[in-house]
Each structure stands twice: as structure tokens, then as C-alpha cells.
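See structure below.
The values are calculated or read from the model by the stated rules, or taken from the named source; none is laboratory data. Predicted model only: the values in this text are computed from it and were never measured. No Cβ is skipped: glycine too gets one built from the backbone with ideal geometry, and neighbour counts run over all protein chains shown. The accessibility values were calculated without ligands, DNA or RNA, using every heavy atom of the protein model including side chains. Shrake-Rupley method; radii C 1.70, N 1.55, O 1.52, S 1.80 Å.
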Amino acid sequence: MTADPILSVEDVVLGYGSLEVVSGVSLAVGRAELVGLVGGNGSGKSTILRAVSGMITPWRGRIVFDGEPMTAARPHQMARRGLAHVPMGRQLFPNLTVRENLLLGAWLPAARAARDAALARVEALFPELARRAGARAGTLSGGQQQMVAIARALMLGPKLMIMDEPSLGLSPLLVKEVMAAIRRVAETGMPILLVEQNVKQVLAVSHRTYVLENGRLVLDGPSQELAGHPMIRKAYLGL
Amino acid sequence: MTDWVILLQNLANGVLMGGVYALVGVGLTLVFGVMRTINFAHGDFVVLGMYAAVLFNALLGFDPYLSLVIAVPVGFLTGMLVERLVLARIVDAPPESALLATLGISLIIGNAILLTVGGEPRSVQVAYASTTISIGGVHVSMVLLVAGAATVAAIAGLYALLHRTEIGRAIRATAENRLGAELVGIDTRAIHAIVFGLGTMLAVVAGVTLIPLLFATPTNMGAVFTLKAFVVTVLGGLGSVGAAIAGGIVLGVVEVLGASYLASEYREAYGLAAFLLILLFRPEGLFGRTVKRV
């Protein structure tokens, strides 16, 4: 596996109320790795991300981020430690402009110091967002809004990005665009944990992939190998 | 005096009075916009501001506006404290919990004043109480002009805070999307405390500007101001500073014109009639807009 990972989830058990959703999952993300976490509806993948960013606390097991175990952190504290979460449903500021959304991504004092440089870098990565800088974020198309969400997370200057179903609700063409954008971000050396239902796309862009079923890992390995695995071909790729 | 001079004079009075109403409404709309809590104690904080001015005048001989030096920070801290001690504890409870909690705070404030100060109406006489300024035959009272200036300063200050400072950007982000704000590193619980502090502070400032114009009474007056704040925000359209200003001015002008041309004892009723008419024909408010959410 990975030595000195940016994130390691160690035998974590998670749930809501009395319902156990994740039953002992371990995974790790290396410092320049694009790692996929795939599985069907209700497999527990979003729940794992919510625990990583401090929205919920694990019942058992631990999560280590950047060498330090996290203890009942809240989301804004995890952002302070360098974790950028691109959440499900994007969670933009719809009545603020695209530019304001991006600048808010660097709201924390540490990020604010490098804000202009970060903005230049992010707008070079997403030229379309520079063109739509003055538009209200809520008026953009779904694909563009997803780009804003990714760009806003990048503005933090994070040590790790976690993305929750960025392709959700997008047309196949836009899914390709968003995945290409994620690959561009990963090529800058940014570690990413990408949660998706769209297995085919994840296997195409990621280095390694974990497959989750009913709260348990059933398969993991290099994405190229998994793409040829009989179980994946049968269950997820319909081949 | 000719008819049009009287009309102009009424309009001037209505606009200036409306400015103070706007100030009352802005605090309510700010708290609602960020916290999604309707603060039933808002009017009682206005009354608290009036009594603060009475107190500082009686003890120290302060002009009401001088008492702002103390009332503004104390109002802000009181609001933050109320949020921390009461509202923060029920932030994840159903919305009616916050509603009932603020209603309880309203009762506590009103009755605490009644117990300590007593029920008799109080006011502060200022040296310039009967001074008027004449512009082209239109006489405007100095007290109203000063109140209008104070309102403009307070609202301009709030606008600058929201749009020109980092904490203001964090407040607007939290109002737009709380989870999104938390994920970029904003401590939204701290923002809630700050916003409730600001709302309370604005109510207190409004109370201080009103004391040379109105007599303060402990218990019913808070509810009257809360109602006015509702009318202002709904007239304009809930959730923005600009809409609250417009709503306040509409309310002030309607009240003054009604009192002057119809019957003055129904002054409060004209504002409520306008409120009902607008709810009937433009439920989103005069200047409200329906916004597409992401």
C-alpha cells in the first residue's frame, strides 16, 4: 500500500442512529495519488467522506489526516488543517458571483495570503470560470457549477481533496468534461479521493480504486487491473 | 400653508420615520437571512435600547446619541450571549423551538424592565426637541433629521461590513449555504453568534434614535416593534438590506399620510392595511424576487 499517506482510514465503523452503514473499512490515499472509491447506492461511500471531513464521528476505528488522528473535528476545522471537500450537490453560494465563490474558497487567513496566485492558477485550469467571473453561480449550468465547486476547493490550497459524486446529475458529455478537469487537477500533484457511482469513469482516471459493497470493501487495486477484473466487468461495466 | 407644502412635509416626516423603521427591520431580516430564525424578541431589544438611553440620561445626563457609545457594544455582546446560551443549544432542533425561545426572551425582557423600572412611560427630552429646520417652507423637526442621519450611518455601516470585510463575506456565505461555508473553513456557529449580536445591536440603536420621539413602556411595546419589523421586511421582501430600507420607508410614509389625511388615531392600522394589501397582491414583497437555488 502507500507509505506515509496523506489520509488513512483505519477499520472505521460508521452509522446513523442505530443503523450501521460502514462496517470496518480501511483505506489510504498517497501524497500524489488519485484514488477512487466506488460502489452502489447506500454502499456507504458518502458516509466515509462525511466522516473524513468531520460532519459525523466514527463509532469505531480512526481516521488519520496528514499524520495526525482526527478527534471529533468539525468541517471548518478540517478545512483549516488542509482538507478540501467538494460536497455532494456542490453547495455553492448561488447568489454570489463565480469570482466571489472562488475567493471565499480562500477565506481562511492562511489561504488568503496566497489568494491572488491561487486565483490565477485556478482560472488557468478552468478558463471558462474566468469568462463567467461576474455571473451569479446559481445561473451556471450543472457542469459549470461542478467546476466552480472543484475550483473553490482548490482555492484553499489543500493537502487533499475529497470529492463526493461530482458527476451526479450531469449529462454524459459533461461527466467527461468534469472527469477531465479532475484529471488535470490530479496531474498538478494534488492527492484526491474521488467517490463515484460512475465506475467506468473512475477506473479511467484514477491510479487505484476501492470497491465498496454494503459497507464493506470487496475489492481494491490499481484501476487498470480492476478494469479487467471479472467481477467489475460483470457488476459495474455490464460486460 | 398650501396643500402641496403640507404634502411635502408629510412625505419628509414619513421618509425619516420610515428610516428608523427600516433600521428596526434590517436587524430582523439579517438574523432571519443567516440563521433562518424569526426573532420574536427583536422589538424588545428596541425597547431595551430606549431604556438604555433613559438610564444613561438619568444617571449620567447623557444625550441619547452619546449613550450609543455604551449601548452599541453592550447590545452586541448581549445578542452574542443570548445566541450562545439559548439559540446555539437548539440549532438542530425543529424551527419552532427557536421561535418559542425568542418569544420567551421577549417576555423576560419586557417583564424584567417592568419589575426594575416600573410601568410608567419614560422618555428623554433633548435640547433640540422643538427645533425645526425649514427648507423651502417645509419644516422638518431636528429630532427626526438626526434620527434619519443616524439611520443612514447605521445602515451604511452594516452594508460596508457585509460587502467590504472578510467577516462580512463569511456572513453572506453562511446565509447562502451553511454547509458550503463550513467546508471552506468558516466557523458558522461563530457567525451565528456574531449575526445575532449585530441584529440586537441594530435594534438597540433603533431604540436609542426613537427615545426623543416616543415614550418607552415595558411590555407591549416590544411586540409592537416586532410587528413593525415584520411589516417592514415583508413589505420590502424578506432577506435583503435594500428591501428592508424600501419597506421601512413605505411603512413610514403610509403611516404619516394616513394619520394626516384620514384619522390620526388609526396611525398603526394604515401600515397594517398596506401590509395586508401587499401580501394579497405581491406576496414576495414589493422588491422581493424569487431566487433560483442551486
Notebook entry, point to check: If a residue has to be among the hydroxyl-bearing types (S, T, Y) and either more than 14 Å from every other protein chain (Cβ to nearest Cβ) or under 24 Å from B:Y65 (Cβ atoms) (or both) to count, how many in segment B:148-202 make the cut?
Noted result: 3
Next item on the list: Please find, within segment B:272-293, the residue that is modelled with the lowest pLDDT out of those that are within 14 Å of chain A (Cβ to nearest Cβ) and open to solvent by less than 100 Å² (accessible area, probe 1.4 Å).
Entry: B:V291
Item checked: Residues of segment A:24-38 satisfying the condition of being in contact with a Lys or Arg (Cβ under 8 Å, 6 or more places away or on another chain) and crowded, with 22+ Cβ neighbours inside 10 Å -> A:V25, A:L34, A:V35, A:G36, A:L37, A:V38
Checklist line | Residue count for segment B:79-108, restricted to those that are over 15 Å from B:G222 (Cα atoms) and either at pLDDT 95 or above or hydrophobic (A, V, I, L, M, F, W, C) (or both) | finding: 17
Next item on the list: Enumerate the helices (runs of 4 or more DSSP H) found wholly within segment A:101-173, keeping only those where 2 or more residues are more than 11 Å from chain B (Cβ to nearest Cβ) and open to solvent by 10 Å² or more (accessible area, probe 1.4 Å).
Entry: A:115-125, A:127-131, A:142-154
Item checked: Identity of the residue in segment A:67-85, facing chain B (nearest Cβ under 8 Å) and among the basic types (K, R), that ends up least open to solvent (accessible area, probe 1.4 Å) -> A:R74
Item checked: Any pair with Cβ under 8 angstrom, 6 or more apart, that starts in segment B:78-95 at a residue that is assigned to a helix (DSSP H, G or I) and ends at one that is of a type in the set (F, W, Y) -> B:T78/B:F45; B:G79/B:F45; B:G79/B:F196; B:M80/B:F196; B:V82/B:F196; B:E83/B:F196; B:L87/B:F196
Next item on the list: Identify the single condition in (1) touching a Phe, Trp or Tyr at 6+ places or on another chain (Cβ under 8 Å); (2) within 14 Å of chain B (Cβ to nearest Cβ); (3) of a type outside the set (S, T, N, Q) that A:L37 does not satisfy, given that it satisfies every other one.
Entry: (2)
Item checked: Qualifying residues in segment A:39-66 (those that are more than 21 Å from A:N214 (Cβ to Cβ) and outside any loop (DSSP other than H, G, I, E, B)) - the one most open to solvent (accessible area, probe 1.4 Å) -> A:R62
Notebook entry, point to check: If you take just the helices (runs of 4 or more DSSP H) that sit entirely in segment B:109-189, which of them hold at least 3 residues that are at pLDDT 90 or above and open to solvent by 50 Å² or more (accessible area, probe 1.4 Å)?
Noted result: B:142-164
Item checked: Residue list for segment A:86-100, restricted to those being open to solvent by less than 10 Å² (accessible area, probe 1.4 Å) and either without any contact (Cβ under 8 Å) to a residue 12 or more places away in the chain or in a strand (DSSP E or B) (or both) -> A:V86
Item checked: Which listed residue, of B:V253, B:V224, is touching a residue at least 24 places away in the same chain (Cβ under 8 Å), of a type outside the set (S, T, N, Q) and surrounded by fewer than 17 Cβ atoms within 10 Å (Cβ to Cβ) -> B:V224
Item checked: Complete set of residues in segment A:190-202 that are among the aliphatic types (A, V, I, L, M) and closer than 16 Å to A:K45 by Cα -> A:I192, A:L193, A:L194, A:V195, A:V199, A:V202
